[in-house]
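The values are calculated or read from the model by the stated rules, or taken from the named source; none is laboratory data. Computed from a predicted model, the values in this text were never measured in an experiment. With ideal geometry, Cβ positions are generated from the backbone for all residues, glycine too; neighbour counts draw on all protein chains shown.
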């Protein structure tokens, strides 16, 4: 580890769920401009190695922070709650909803107009996802870690569903 | 301590002393070298005024010939003439067998797994062949920059295809080492092309680089913002290129002329030449006359389109996939850059323009554009341009994984992750009392290990006996800015560790390179040991110098007194070793000092990040 700072500290951002994507992107470029190994091409091997480690850590922090689900998991981790991926949720209402969405996904192929059926589904899931993110921001900021953890699990479900939608899209409409 | 001199990265010690740097495009068919002179980048020509060096090496019993003369011998002396050697770089004997039918060479059995080719000059491997090409280009660069009477190049940027895996990149770097070149950076070819067009100085946006060479097609999607290039995705087809155009047109001519399919080599050659000529003629004309034997016909643009479109469609499908990987709509692409001789074909330009909805860049010779971009990057890395803001961020082209139970691949680093990157994952033992763990490093997208490329195997030994599942083995993958991987493994409770720079199963060991250097003609007279000592001394000087600067800057604030004393003792020990004559001893002392100064480096890093942040308030980002 080249630095002991948290991902948020590296980017000079407050550890909150809501963050300014433009600020993140701008800060990322600044950090890379300063620490990228290219800036150390004619320095000692040791310095080059440190630059690699530093740049790797900046990249890792950037990857985690720009993705809402990874960011949420990281915030919980900093707060002492480890949430392994692929966990189940106890919220039966949410599970029912997921099952219905999944059924609809499976039936897309049989629809008269699969393209718009899939598009409709994608928009709906995206909406649910956004709502869940808002929910997470609220409960996390209020210090309700148990609720935040529940919200993260739901987000993980929705991400999976989104991936399946994308796969089906590629499958149905080919490449070109 | 590196990151310690934050105020002055990129500056050369003496601003008036210009350094000699070149960019090299080491291609499958042709290679080029370019450099920056009087502020502009240009390809360097040989004495006959030719900038292109055919990537061909002929091994005679007395002499080694590189370039056009070697290429000319390919027909009469195929076994001793190495062409398209880039296809074998970083490949194992098994891979070569699958390519075998296209290659006329006599492959010898080799112990390391790297293919070895029998020639009149003895056995040679692909790294050595590439090194011969690089030597020739380096010599051209040296003569142009330093004059005929000596002087050395300070460094080179060598381009590689964006999809090159770890083994192929490592092999390229080894070839450069063998040729006596200091590699400043391996640069992805599409990134180099974008740099050549100065797109880094333009506005922000997404750039597509469409590279159609003789035998390969590559598409890369780059994002540029405020001078930072990011390779967002890459794709392509390693068996599709302009040669396929020629073959398709040749087959059409043969069919029109009523020739069968069973043709002798001479007729085939003739057909291909006519096909190529007809294709080129259509760049400026609506139609061209074609003749074959008694047959005479007309080849027009509509015919060419119908013949080439299926092939061009394949390239556009790859474009679409790459855009999808990058999560970019085709409308978002702001610039399209053409690379490779086959993009001169009019139909290709039309289709590309039509697909992307904008006219592609083709102002720079598509054969030279990559070398020119590499030269610009080399000029900057060597420190000739300290004010330049250009920074290239690349991604790894293929996922890196590890073999787990049942021959399955577990991915540690996903493809298209920005590099440098470092990822760790914990594994455990599955048998009671297990004291060793085999680690198998693979690269590729497939689930099964057998479908991925095997990069390396190593073992972590000396794990204390525990019940199954009790040991925690942390495996860390680290990929540097050149895309090269190193792997380390440590058992957490005992601290037992093992690490390797991934030298592919069929790559070269450092000692092999040293031996080849010794064997090779140019370095026969040099004392390798002396060279190693000098290198270690220079490295020691750099280490001491940068640590001194760091200590002066904030040793007092960041170090306890005893820590400072220990550091100074270790520095003194390194100084003593430096004045002695033992390279090994210098390396050992340097290692010790580096390890000891690690906490200080980390504290310096934290401080520098905080300092970099102080100039900003968060509001300013919101705008």
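I need a count of the residues in the stretch A:124-161 that are exposed (fewer than 15 other Cβ atoms within 10 Å of the Cβ) and under 16 Å from residue A:107 (Cα atoms).
1
Of the residues B:2, B:21, which is within 14 Å of chain A (Cβ to nearest Cβ) and at pLDDT 90 or above?
One residue alone meets the criteria, B:21.
Residue by residue, here is whether (1) in contact with a helix residue (DSSP H, G or I) (Cβ under 8 Å, 6 or more places away or on another chain); (2) on the phi > 0 side of the Ramachandran plot; (3) touching a residue at least 24 places away in the same chain (Cβ under 8 Å) holds:
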residue: A:12; (1), (2), (3): yes, yes, no
residue: A:15; (1), (2), (3): yes, no, yes
residue: A:22; (1), (2), (3): yes, no, no
residue: A:40; (1), (2), (3): yes, no, no
residue: A:45; (1), (2), (3): yes, no, no
residue: A:53; (1), (2), (3): no, no, yes
residue: A:57; (1), (2), (3): yes, no, yes
residue: A:67; (1), (2), (3): no, no, no
residue: A:75; (1), (2), (3): yes, no, yes
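Of the numbered conditions (1) surrounded by fewer than 18 Cβ atoms within 10 Å (Cβ to Cβ); (2) in contact with a strand residue (DSSP E or B) (Cβ under 7 Å, 6 or more places away or on another chain); (3) more than 20 Å from residue B:216 (Cα to Cα); (4) in contact (Cβ under 8 Å) with a residue 40 or more places away in the chain, residue B:283 fails exactly one; give the number of that condition.
Condition (2) is where residue B:283 drops out.
For residue A:61, only one of the following conditions fails: (1) within 11 Å of another protein chain (Cβ to nearest Cβ); (2) free of Cβ contacts under 8 Å to residues at least 40 places away in the same chain; (3) in contact with a helix residue (DSSP H, G or I) (Cβ under 7 Å, 6 or more places away or on another chain). What is its number?
Against the list (1) within 11 Å of another protein chain (Cβ to nearest Cβ); (2) free of Cβ contacts under 8 Å to residues at least 40 places away in the same chain; (3) in contact with a helix residue (DSSP H, G or I) (Cβ under 7 Å, 6 or more places away or on another chain), residue A:61 comes up short only on (2).
Filter the stretch B:301-333 for residues that are outside any helix (DSSP H, G or I) and surrounded by fewer than 15 Cβ atoms within 10 Å (Cβ to Cβ) and give the result.
Once the filter is applied, which keeps residues that are outside any helix (DSSP H, G or I) and surrounded by fewer than 15 Cβ atoms within 10 Å (Cβ to Cβ), the stretch B:301-333 yields B:327, B:329.
Here is a list of conditions, (1) surrounded by 15 or more Cβ atoms within 10 Å (Cβ to Cβ); (2) closer than 29 Å to residue A:22 by Cα; (3) more than 14 Å from every other protein chain (Cβ to nearest Cβ), and residue A:117 meets all of them except one; can you say which number that is?
(2)
Name the residues in the stretch B:112-139 that are more than 16 Å from residue B:57 (Cα to Cα) and surrounded by fewer than 24 Cβ atoms within 10 Å (Cβ to Cβ), would you? First the steps, then the outcome.
Here is the first cut: in the stretch B:112-139, the residues more than 16 Å from residue B:57 (Cα to Cα) are B:112-115.
Correct list: B:112, B:113, B:114.
Can you confirm whether residue B:11 is in a loop (DSSP other than H, G, I, E, B), closer than 30 Å to residue A:52 by Cβ and modelled with pLDDT under 90?
yes
Can you name the residue in the stretch B:417-442 that is part of a loop (DSSP other than H, G, I, E, B) and surrounded by 14 or more Cβ atoms within 10 Å (Cβ to Cβ) and, of all such residues, is nearest to the other protein chains (Cβ to nearest Cβ)?
Within the stretch B:417-442, the match that is nearest to the other protein chains (Cβ to nearest Cβ) is B:420.
How many of the residues in the stretch B:74-86 are surrounded by fewer than 20 Cβ atoms within 10 Å (Cβ to Cβ), assigned to a helix (DSSP H, G or I) and touching a residue at least 40 places away in the same chain (Cβ under 8 Å)?
Count: 1.
Take the residues of the stretch A:1-12 that are more than 7 Å from every other protein chain (Cβ to nearest Cβ) and buried (at least 20 other Cβ atoms within 10 Å of the Cβ): which is nearest to residue A:72 (Cα to Cα)?
Filtering the stretch A:1-12 for residues that are more than 7 Å from every other protein chain (Cβ to nearest Cβ) and buried (at least 20 other Cβ atoms within 10 Å of the Cβ), the one nearest to residue A:72 (Cα to Cα) comes out as A:7.
Testing residue B:347 on (1) within 14 Å of chain A (Cβ to nearest Cβ); (2) touching a helix residue (DSSP H, G or I) at 6+ places or on another chain (Cβ under 6 Å), one condition comes back false. Which one is that?
Evaluating residue B:347 over (1) within 14 Å of chain A (Cβ to nearest Cβ); (2) touching a helix residue (DSSP H, G or I) at 6+ places or on another chain (Cβ under 6 Å) leaves (1) as the failure.
Looking at B:152, B:132, B:143, which is the one that is assigned by TED's automatic domain parsing to the domain that holds residue B:95 and assigned to a loop (DSSP other than H, G, I, E, B)? Write out each step before concluding.
Working: B:132 fails: assigned to a loop (DSSP other than H, G, I, E, B); B:143 fails: assigned to a loop (DSSP other than H, G, I, E, B).
Just one listed residue meets the conditions, B:152.
Give the residue, chosen from B:571, B:590, B:605, that is within 30 Å of residue A:26 (Cα to Cα), at pLDDT 80 or above and not assigned by TED's automatic domain parsing to the domain that holds residue B:179.
Among B:571, B:590, B:605, only B:605 is within 30 Å of residue A:26 (Cα to Cα), at pLDDT 80 or above and not assigned by TED's automatic domain parsing to the domain that holds residue B:179.
Among the numbered criteria (1) modelled with pLDDT under 85; (2) away from chain A (no Cβ under 11 Å); (3) assigned to a strand (DSSP E or B); (4) in contact with a helix residue (DSSP H, G or I) (Cβ under 9 Å, 6 or more places away or on another chain), which one does residue B:409 miss?
Only one criterion in (1) modelled with pLDDT under 85; (2) away from chain A (no Cβ under 11 Å); (3) assigned to a strand (DSSP E or B); (4) in contact with a helix residue (DSSP H, G or I) (Cβ under 9 Å, 6 or more places away or on another chain) is unmet by residue B:409, namely (1).
Would you tally the residues in the stretch A:20-42 being more than 7 Å from chain B (Cβ to nearest Cβ), surrounded by 19 or more Cβ atoms within 10 Å (Cβ to Cβ) and more than 17 Å from residue B:609 (Cα to Cα)?
Here the count works out to 0.
Kindly indicate which of B:316, B:400 is touching a strand residue (DSSP E or B) at 6+ places or on another chain (Cβ under 6 Å) and within 14 Å of another protein chain (Cβ to nearest Cβ). Steps first, answer last, please.
On the way: B:316 fails: touching a strand residue (DSSP E or B) at 6+ places or on another chain (Cβ under 6 Å).
The match here is B:400.
Taking the stretch B:385-403, which residues are out of contact with any helix residue (DSSP H, G or I) (no Cβ under 8 Å at 6 or more places or on another chain), in contact (Cβ under 8 Å) with a residue 40 or more places away in the chain and surrounded by fewer than 19 Cβ atoms within 10 Å (Cβ to Cβ)?
B:386 - this is the single residue of the stretch B:385-403 that is out of contact with any helix residue (DSSP H, G or I) (no Cβ under 8 Å at 6 or more places or on another chain), in contact (Cβ under 8 Å) with a residue 40 or more places away in the chain and surrounded by fewer than 19 Cβ atoms within 10 Å (Cβ to Cβ).
Output the number of the condition that residue B:290 fails; it satisfies all remaining conditions of (1) in contact with a strand residue (DSSP E or B) (Cβ under 6 Å, 6 or more places away or on another chain); (2) crowded, with 17+ Cβ neighbours inside 10 Å; (3) closer than 29 Å to residue B:205 by Cβ.
(3)
Give the residues of the stretch A:141-167 that are more than 16 Å from the chain's Cα centre (by Cα) and under 21 Å from residue A:82 (Cα atoms), sorted by residue number.
Of everything in the stretch A:141-167, those that are more than 16 Å from the chain's Cα centre (by Cα) and under 21 Å from residue A:82 (Cα atoms) turn out to be A:141, A:142, A:143, A:144, A:145, A:146, A:147.
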